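The values are calculated or read from the model by the stated rules, or taken from the named source; none is laboratory data. Everything numeric here is computed off the predicted structure, so don't read it as measured data. Quick reminder, even Gly has a Cβ in these numbers, built from the backbone with ideal geometry, and neighbours come from all protein chains shown.
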Amino acid sequence: MHLNSAVLSPSIVTCALLVCANVASVAIADVRLDPVFRDHAVLQRGREVAVRGRAMPGEKVSVSFGVMKAEGVAGADGRFLVLLPAMEAALEPRELIVSTASGEARVGDVLVGEVWICSGQSNMEWSVDASDDAPRARQMASKLPIRSFKAPHVTANRPSETVAGEWRVATPETVGSFTAIGWWFGVDLARAFDLRVPIGLVDISWGGTRIEPWIPLDVMAKSDFKSTADELSAQIAAFEATAPDARELAAAQELVRYNAARMEYWKKAFAGEIGAKENWSMPAPESGFPAGWGKAILPAFFPAVDRSIERFDGFVWFTREFEVPTAMASKACTIWLPPIDDCDRVSIDGVEIGSTIGDWNTPRGYEIPLGLTSGTHRITIAVLDMQGEGGIAPGAMRLGLAGSNEEISLAGEWLWRKGGGVPRLPVPSRRDVTKAPGTEPHEPAAIYNAMMAPCIAYPARGVLWYQGESNAGEPVKYAKLLPLLIQSWREKSDNPELAWGVVQLAGFMPFIESEPAQGAWALLRQAQLDGVKAAGNAGLASAIDLGDAADIHPRRKREVADRLAAWARNTVYGEKSVAWEGPELAAASRENGSMVRLRLTHADGLRATSGEPGGFALAGADGKFVWAKATIMDSGRDGIVLTAPGIAEPVEVVYAWQNNPERANIVNGAGIPMLPIRMKLQP
């Protein structure tokens, strides 16, 4: 069954945004359109389109789009808003013309169709070219009426009026840079509408970001997070009230304080570190060198160095020799290194030349003002990983002369040795007091202000949201922040019906057989589910079975998009025959002492994708979970029965409650995975 491509009722048409930043393709005098209105744009069908921009104060503003015409007047500040009436979908390109007595702006090749915002962190930003099925996407790109807008990464501590960017028409040459999830979602919708409705994808995403920067500060100030918002507002006000020369003095004082704190940190950290005690910066035979050292090809993260340090948090030392030719001797130079996760201290010939603490995302550059003498030198990098995966990210490792192209490559074979664990010390941090508060990508509202605020008033059908990895470990907080985000965008877009499709985090990190019930990502997935239910008019698409243990960016984006599209087709567009919900726990009860029965919704055709049903565990009164044997009763109509060896009276049940639940293999007849479970059992 295909969807009707006629205009839907405005009551179910949603709101929101679109992007871009400069003026329209042709602009004369002082007429400027808001960033969304650029060549190749897609306008949302079935809802009034607010054409916004700036003109001379008090000027009459005329807008025409094909046969549609509307008028308005610019306010005292020059801002204008002219409403075009709701329109049907149209594949025929038209020109949008905005005219005043003092000038004119034109936007060409504009279509009318369905607009969706694609937002979140890196898994939403992940491109078609970096994902599975890229050749297929290029092959079909020119046959589908899909267009995409990409906003750049920018921040601000107050709402902006413009943001840069441009629309791109899908072609074999352009589609590779589209958001992969957005693209395949658009493919599904375009096909459902028999290719008669253009699809506009507004890609406003930023890898590695938390959820707080996407939420408007004034909305946060009216929530449970009022203290956070008020504190930042006070910092912004204090900064703006401080004279520039006072800021420069404060910056100098902050640098002195931080350098002292950094030196003290390394002094204390190395006091108990074996690599420092045995002077591994200049290893000698009596310290087990080189027999006690392994070989590694750098740059590399710890798992690629050796499987024994795959999950190690602490010091790993790397060392090698290199030659400085006479032509480069005694000249100012810099050691350039890729980002290092999380900290590093670099020495040459046993003398420290630079260090970084707690910054896993920034390339290193350590200057040597007097240069190095000609001949052989030894460089040593003490890498300190504090949590998660550690090591040296891909990128150039080199020594380069200042103001010259001459350089020495430091990549290749090194020697390595495992040191001690993470020091139990507070990590010093440095604040750039010359930079306005609220402009760091992790700060509340910083991304919303710069990337979303300029676009939020533009009508869109809904939002696709894939984010949460950067908030893992904060499930209680996230369960409140997600519905707050959804509420805030609905409020700012003046569209309380804005639909939200949320991706539940994919499996990641090594599967651990001995830990059937973990926290971390399992708890964040539950927070996502709770947040979606609290927000209303939202759906959760599970990606739990589409992950990659070794990569936080799984390549199977098409399947994620298919699940989001199924949700949208069913709930937003009314195609009720399309299944989108996975099996979900309705009730759990203990029967006959040691047996547990799970009752599920959306469980028709319940089955295991391969082998025996897995991923379940039970715990007794001691709280220790044991993997359970699961039996699917009559294709799921009578639920799932669980028993576990040694658990005579189960008190708690889990399913897929791990960072990477490889054993979890339950789907319904539509192939949609069962949602994770953790539930206490009634006596």
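Out of the residues in segment 644-683 that are among the small types (Gly, Ala, Ser) and crowded, with 22+ Cβ neighbours inside 10 Å, state the one that is nearest to Ser610 (Cα to Cα).
In the first step, residues of segment 644-683 are kept if they are among the small types (Gly, Ala, Ser); the result is 644, 646, 648, 656, 664, 669-671.
Subsequent filtering for residues that are crowded, with 22+ Cβ neighbours inside 10 Å retains 644, 656, 664.
Numbers: Ala644: 20, Ala656: 15, Ala664: 10 Å.
Ranking the candidates gives Ala664 first.
Tell me, which residue of segment 177-204 that is assigned to a loop (DSSP other than H, G, I, E, B) and over 23 Å from the mean Cα position of the chain (by Cα) is farthest from Val560 (Cα to Cα)?
As a first pass, look at segment 177-204 and keep what is assigned to a loop (DSSP other than H, G, I, E, B): 178, 193-198.
Among the residues that remain, those that are also over 23 Å from the mean Cα position of the chain (by Cα) are: 193-198.
Details: Phe193: 20, Asp194: 21, Leu195: 21, Arg196: 24, Val197: 22, Pro198: 21 Å.
Applying the filter and picking the extreme gives Arg196.
Can you give me the number of residues within segment 242-271 that are within 30 Å of Leu384 (Cα to Cα) and either of a type in the set (D, E, K, R) or in a loop (DSSP other than H, G, I, E, B) (or both)?
Residues that pass the stated criteria total 6.
Working carefully through the options Leu540, Leu498, find the one that is crowded, with 23+ Cβ neighbours inside 10 Å, under 24 Å from Ala565 (Cα atoms), touching a Cys at 6+ places or on another chain (Cβ under 8 Å) and in contact (Cβ under 8 Å) with a residue 60 or more places away in the chain. Reasoning before the result, please.
Values: Leu540 fails: touching a Cys at 6+ places or on another chain (Cβ under 8 Å).
Matching residue, one of Leu540, Leu498: Leu498.
At least 2 residues that are farther than 17 Å from Tyr458 by Cβ and free of Cβ contacts under 8 Å to residues at least 60 places away in the same chain in each: list the strands (runs of 3 or more DSSP E) lying fully within segment 78-151 that qualify.
So the answer is 90-99.
Determine, yes or no, whether Gly412 is buried (at least 19 other Cβ atoms within 10 Å of the Cβ) and under 18 Å from Trp317 (Cβ atoms). Show your work before the answer.
Details: buried (at least 19 other Cβ atoms within 10 Å of the Cβ): no; under 18 Å from Trp317 (Cβ atoms): yes.
Here the answer is no, as Gly412 does not meet what is asked.
Which of the residues belonging to segment 480-526 are more than 13 Å from Asn537 (Cα to Cα), of a type in the set (Asp, Glu) and outside any helix (DSSP H, G or I)?
Asp494, Glu513, Glu515
Just wondering, is there one or more residues in segment 321-341 that are at pLDDT below 95 and assigned to a strand (DSSP E or B)?
Looking through segment 321-341, at least one residue is at pLDDT below 95 and assigned to a strand (DSSP E or B).
Restricting to segment 543-552, name every residue that is surrounded by fewer than 22 Cβ atoms within 10 Å (Cβ to Cβ) and closer than 27 Å to Leu498 by Cβ.
Leu546 - this is the single residue of segment 543-552 that is surrounded by fewer than 22 Cβ atoms within 10 Å (Cβ to Cβ) and closer than 27 Å to Leu498 by Cβ.
So, in segment 367-399, exactly how many residues are outside any loop (DSSP other than H, G, I, E, B) and buried (at least 20 other Cβ atoms within 10 Å of the Cβ)? Steps first, please.
First, the residues of segment 367-399 that are outside any loop (DSSP other than H, G, I, E, B): 367-368, 375-385, 391-392, 398-399.
Right, trim to buried (at least 20 other Cβ atoms within 10 Å of the Cβ) and you get 379-385, 391-392, 399.
Residues flagged as outside any loop (DSSP other than H, G, I, E, B) and buried (at least 20 other Cβ atoms within 10 Å of the Cβ) within segment 367-399 amount to 10.
Which members of segment 452-479 meet the condition of being of a type in the set (S, T, N, Q) and surrounded by fewer than 24 Cβ atoms within 10 Å (Cβ to Cβ)?
To start, the set of residues in segment 452-479 that are of a type in the set (S, T, N, Q) comprises 467, 470-471.
Ser470, Asn471, listed by residue number.
When you check Val463 against the structure, is it assigned to a loop (DSSP other than H, G, I, E, B), among the β-branched types (Val, Ile, Thr), touching a residue at least 12 places away in the same chain (Cβ under 8 Å) and not assigned by TED's automatic domain parsing to the domain that holds Ala304, yes or no?
On the way: assigned to a loop (DSSP other than H, G, I, E, B): no; among the β-branched types (Val, Ile, Thr): yes; touching a residue at least 12 places away in the same chain (Cβ under 8 Å): yes; not assigned by TED's automatic domain parsing to the domain that holds Ala304: yes.
In short, no.
Could you please let me know if Ser589 is surrounded by fewer than 22 Cβ atoms within 10 Å (Cβ to Cβ), in a loop (DSSP other than H, G, I, E, B) and of a type in the set (S, T, N, Q)?
Values: surrounded by fewer than 22 Cβ atoms within 10 Å (Cβ to Cβ): yes; in a loop (DSSP other than H, G, I, E, B): no; of a type in the set (S, T, N, Q): yes.
No.
Kindly list the number of the only condition in (1) at pLDDT 95 or above; (2) loosely packed, with under 14 Cβ neighbours inside 10 Å; (3) part of a helix (DSSP H, G or I) that fails for Ser233.
If we test Ser233 against (1) at pLDDT 95 or above; (2) loosely packed, with under 14 Cβ neighbours inside 10 Å; (3) part of a helix (DSSP H, G or I), just (2) comes out false.
Please go through segment 86-104 and pick out each residue that is aliphatic (A, V, I, L, M) and out of contact with any Gly (no Cβ under 7 Å at 6 or more places or on another chain).
Our first condition is that a residue be aliphatic (A, V, I, L, M); within segment 86-104, this holds for 86-87, 89-91, 96-98, 101.
Listed by number, the residues that qualify are Met87, Ala90, Leu91, Leu96, Ile97, Ala101.
Might you check whether a residue that is assigned to a loop (DSSP other than H, G, I, E, B), more than 19 Å from Gln526 (Cβ to Cβ), of a type in the set (Asp, Glu) and in contact (Cβ under 8 Å) with a residue 40 or more places away in the chain occurs anywhere in segment 611-623? Walk me through it before giving the result.
From segment 611-623, those assigned to a loop (DSSP other than H, G, I, E, B) are 611-615, 620-623; that's our starting set.
Going one step further and asking which of them are more than 19 Å from Gln526 (Cβ to Cβ), we end up with 611-614, 620-622.
Add one more test, that the residue is of a type in the set (Asp, Glu), and what stays is 612, 622.
Adding the requirement that they be in contact (Cβ under 8 Å) with a residue 40 or more places away in the chain leaves none.
No, segment 611-623 contains no residue that is assigned to a loop (DSSP other than H, G, I, E, B), more than 19 Å from Gln526 (Cβ to Cβ), of a type in the set (Asp, Glu) and in contact (Cβ under 8 Å) with a residue 40 or more places away in the chain.
Kindly evaluate Phe239 against the criterion of being surrounded by 15 or more Cβ atoms within 10 Å (Cβ to Cβ), touching a helix residue (DSSP H, G or I) at 6+ places or on another chain (Cβ under 9 Å), part of a helix (DSSP H, G or I) and at pLDDT below 95. Show your work before the answer.
On the way: surrounded by 15 or more Cβ atoms within 10 Å (Cβ to Cβ): yes; touching a helix residue (DSSP H, G or I) at 6+ places or on another chain (Cβ under 9 Å): yes; part of a helix (DSSP H, G or I): yes; at pLDDT below 95: yes.
The answer is yes for Phe239.
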